[in-house]
Amino acid sequence: MKFIIGNWKMNGNTTERDDMLTALSKTKTKNKIVLCLPFTLLGCEKFGISIGAQDVSNHDNGAYTGDISATMLKDMGAQYVIVGHSERRLYHNETNELVREKAEHAIKAGIIPIVCVGETAEEKAAGHTTSIIKKMLLESIPENGEYIVAYEPRWAIGSGLTPTESEIVTAVKTVFDTLPAPVPILYGGSVNAENARDIISIPYVDGLLIGGASLKSETFIPIINSID
Ligand code: PGA
């Protein structure tokens, strides 16, 4: 069983969500499909598809205007939450320590965090991919509990560029070797129906985290069908 996880980022409305969940619920697969939605689109378990959020507060409750706690996500039916996505790290200055706190709050509320790590183009060019992945992982993963790791090279997100197979193997093997115990490892960054099957066949890759191509059923369903 592989994970196929869509990340809608800041896109979509209730009509588009319902259309997607209806299409997903009609798609036969042995793999685990999860759709990570904006906060405003949670609360839709009736379609029978696992739902995730894209961020969570590192506080339980209280005077944190605009923030959403893990128990609130749980209350809205979220089973998963992405933490430390590179867009959060970049646009909201999220540190490894904050990401770990968020992951631990999710776990405490019974939600599985998807902890994202990945190098920038500059770090890759400087030959620092392996050391960056190790550092991000060791500082971002929760101490205990169930979680998932997503390896997403920043330069591959939304760019149409993907690492070579051997680059992915090296990166996900680094993740595997660095983790204190095995957890599912996803690859994310410009996954589409043409490359999904090849990427998911790479050793140590347990699933895919898909942004742009998860927004429309015409692009998302063929990915799911391609790896069944
Ligand atoms: P992309 O995004 O598939 O659009 O590259 C992946 C992600 O940001 O999780």
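The values are calculated or read from the model by the stated rules, or taken from the named source; none is laboratory data. Computed from a predicted model, the values in this text were never measured in an experiment. Using ideal geometry, Cβ is built from the backbone for each residue, glycine included, and neighbour counts are taken over all protein chains shown. With ligands, DNA and RNA removed, areas are computed over all heavy atoms of the protein, side chains included. Shrake-Rupley method; radii C 1.70, N 1.55, O 1.52, S 1.80 Å.
Are there any pairs with C-beta distances below 6 angstrom linking a residue in the stretch 195-215 that is part of a loop (DSSP other than H, G, I, E, B) to a residue that is of a type in the set (Phe, Trp, Tyr) and more than 15 Å from the ligand (Cβ to nearest atom), with the two at least 6 apart or on different chains, and if so which?
Close Cβ pairs satisfying both conditions: Tyr204/Phe176.
Please tell me if Lys9 is of a type in the set (Lys, Arg) and in a loop (DSSP other than H, G, I, E, B).
yes
Do you know which of the residues in the stretch 216-228 that are of a type in the set (D, E, K, R) and assigned to a loop (DSSP other than H, G, I, E, B) is farthest from the ligand (Cβ to nearest atom)?
It comes out as Asp228.
Might you let me know whether the stretch 210-222 holds any residue that is open to solvent by less than 20 Å² (accessible area, probe 1.4 Å), under 17 Å from Ala103 (Cα atoms) and touching a Phe, Trp or Tyr at 6+ places or on another chain (Cβ under 6 Å)?
Among the residues of the stretch 210-222, not one is open to solvent by less than 20 Å² (accessible area, probe 1.4 Å), under 17 Å from Ala103 (Cα atoms) and touching a Phe, Trp or Tyr at 6+ places or on another chain (Cβ under 6 Å), which makes the answer no.
Name every residue in the stretch 163-186 that is free of Cβ contacts under 8 Å to residues at least 60 places away in the same chain and either buried (at least 20 other Cβ atoms within 10 Å of the Cβ) or under 16 Å from the mean Cα position of the chain (by Cα) (or both), in order of residue number.
At the first step, the residues of the stretch 163-186 found to be free of Cβ contacts under 8 Å to residues at least 60 places away in the same chain are 163-183, 185.
Those that are free of Cβ contacts under 8 Å to residues at least 60 places away in the same chain and either buried (at least 20 other Cβ atoms within 10 Å of the Cβ) or under 16 Å from the mean Cα position of the chain (by Cα) (or both): Pro163, Ile168, Ala171, Val172, Thr174, Val175, Val183, Ile185.
Could you tell me whether the stretch 164-172 includes any residue that is closer than 26 Å to Asn93 by Cβ and not hydrophobic (A, V, I, L, M, F, W, C)?
Checked against the condition, which is being closer than 26 Å to Asn93 by Cβ and not hydrophobic (A, V, I, L, M, F, W, C), the stretch 164-172 yields no hits at all.
Does the stretch 131-140 include one or more residues that are touching a helix residue (DSSP H, G or I) at 6+ places or on another chain (Cβ under 7 Å), acidic (Asp, Glu) and within 18 Å of Phe3 (Cα to Cα)?
no
Which count do you get for residues in the stretch 1-25 that are under 13 Å from the mean Cα position of the chain (by Cα), more than 20 Å from Ile200 (Cβ to Cβ) and of a type outside the set (Phe, Trp, Tyr)?
Selection size over the stretch 1-25: 1.
So which residues in the stretch 151-202 are more than 12 Å from the ligand (Cβ to nearest atom), within 20 Å of Ile221 (Cβ to Cβ) and hydroxyl-bearing (Ser, Thr, Tyr), if there are any at all?
Ser201
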